[in-house]
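Presented below is the structure to which this report refers.
The values are calculated or read from the model by the stated rules, or taken from the named source; none is laboratory data. This one's a predicted model, so the numbers in the text were calculated from it and none came from an experiment. Counting neighbours? That spans all protein chains shown, and the Cβs are built from the backbone with ideal geometry, glycine included. With ligands, DNA and RNA removed, areas are computed over all heavy atoms of the protein, side chains included. Shrake-Rupley method; radii C 1.70, N 1.55, O 1.52, S 1.80 Å.
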Amino acid sequence: APHSAPSLDRWAYFPSQQMGTWREAWSSPGDSSRDIGLWVKGGTLLERSHCHRDQGHLSVYSGSMPILMERGTCDYGDPSYRTEYASARGHGIMQIAPIAPPNAAVHAPLAVDRLGADGGQVRIDSTAAYRSAQRCLRTVAWDAAGSIRVSDDVALRQVQVAGTEFFRFHLGSVSEPRVRQADGRWVVEWDAARVQLSADVPLEVAVFPSTNALR
């Protein structure tokens, strides 16, 4: 009888890592699929053996093409490994006064509101990953059509000066993304994706080139 491929789950929640994963479909490495896949992470105190300051990070792929990613590194011996790669700077999260060093584990629970064939929604409380945060909460919601919404709710103990970098996202774009304002929002777009950003405070958006972004 012909051998049939095993049926694999397309979504999962991993309590030991406080991480959720989801994919639209499984496909072979050589396929030209544009199916959406993502992972979003909290953090636990058990991560001491390999911990980065990535609590709240979201990575998104369309097939093999990265949309949102962490910076990654090809050399763990790089002198800037801790400051540029393992740190908050290497991840798509808040940048205000993160706990250092980046391998100091923190409790950042991830709560699953829903996870299924049509998408999902999770909430991450990464307050403990920051020295000056009264709260740092992130909600990530997505659907099978490829629409993803990231909502951040932050309160800080100290006022920050204008021009301070609050959030950073690493984009999977080889060419320089186009940045514009439309209908009271910032729009960042490139061949693979379109991102809209808005806030309840005045917002400035800037795009900078980066190297060695792997994952």
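For Leu58, the criteria (1) touching a residue at least 40 places away in the same chain (Cβ under 8 Å); (2) surrounded by fewer than 17 Cβ atoms within 10 Å (Cβ to Cβ) hold in every case but one, which is (2). Among the residues making up the range 45-83, those that are over 24 Å from Ser33 (Cα atoms), among the charged types (D, E, K, R) and at pLDDT 90 or above are Arg53, Asp54. Of the numbered criteria (1) within 19 Å of the chain's Cα centre (by Cα); (2) within 25 Å of Ala86 (Cβ to Cβ), the one Trp190 fails is (2). Restricted to the range 31-45, and to residues there that are more than 10 Å from Ala108 (Cβ to Cβ) and touching a strand residue (DSSP E or B) at 6+ places or on another chain (Cβ under 8 Å), the residue that is most open to solvent (accessible area, probe 1.4 Å) is Arg34. Residues that are out of contact with any Gly (no Cβ under 7 Å at 6 or more places or on another chain) and at pLDDT below 95 were ranked within the range 133-156; the one that is least open to solvent (accessible area, probe 1.4 Å) is Gly146. Tallying residues that are in contact (Cβ under 8 Å) with a residue 24 or more places away in the chain, not in a loop (DSSP other than H, G, I, E, B) and not β-branched (Val, Ile, Thr) within the range 99-112 yields 2. Across the range 1-12, the number of residues qualifying as open to solvent by 90 Å² or more (accessible area, probe 1.4 Å) and at pLDDT 90 or above comes to 1.
For a quick check of your reading of the model, give me the residue pairs whose first member lies in the range 74-96 and is surrounded by 14 or more Cβ atoms within 10 Å (Cβ to Cβ), whose second is among the hydrophobic types (A, V, I, L, M, F, W, C) and part of a loop (DSSP other than H, G, I, E, B), with beta-carbon atoms closer than 7 Å and at least 6 apart or on different chains. Between residues of the range 74-96 that are surrounded by 14 or more Cβ atoms within 10 Å (Cβ to Cβ) and residues that are among the hydrophobic types (A, V, I, L, M, F, W, C) and part of a loop (DSSP other than H, G, I, E, B), the close pairs are Gly92/Phe169; Met94/Phe166; Gln95/Phe166; Ile96/Phe166. Among the residues of the range 177-185, is there at least one that is in a strand (DSSP E or B) and under 30 Å from Arg48 (Cβ atoms)? Among the residues of the range 177-185, not one is in a strand (DSSP E or B) and under 30 Å from Arg48 (Cβ atoms), which makes the answer no.
The condition of being surrounded by fewer than 15 Cβ atoms within 10 Å (Cβ to Cβ), in contact with a strand residue (DSSP E or B) (Cβ under 7 Å, 6 or more places away or on another chain), farther than 16 Å from His91 by Cβ and not polar (S, T, N, Q) does not hold for Asp125.
Answer yes if at least one residue in the range 152-171 is under 24 Å from Ile36 (Cβ atoms) and of a type in the set (Ser, Thr, Tyr), and no otherwise. No: zero hits.
Restricting the search to strands (runs of 3 or more DSSP E) fully inside the range 118-175 and requiring at least 2 residues that are among the aromatic types (Phe, Trp, Tyr) and over 21 Å from Asp54 (Cβ atoms) gives an empty result. Can you list the strands (runs of 3 or more DSSP E) found entirely within the range 1-63 that contain at least 2 residues being under 17 Å from the mean Cα position of the chain (by Cα), β-branched (Val, Ile, Thr) and within 27 Å of Arg114 (Cβ to Cβ)? Answer list for the range 1-63: 36-41.
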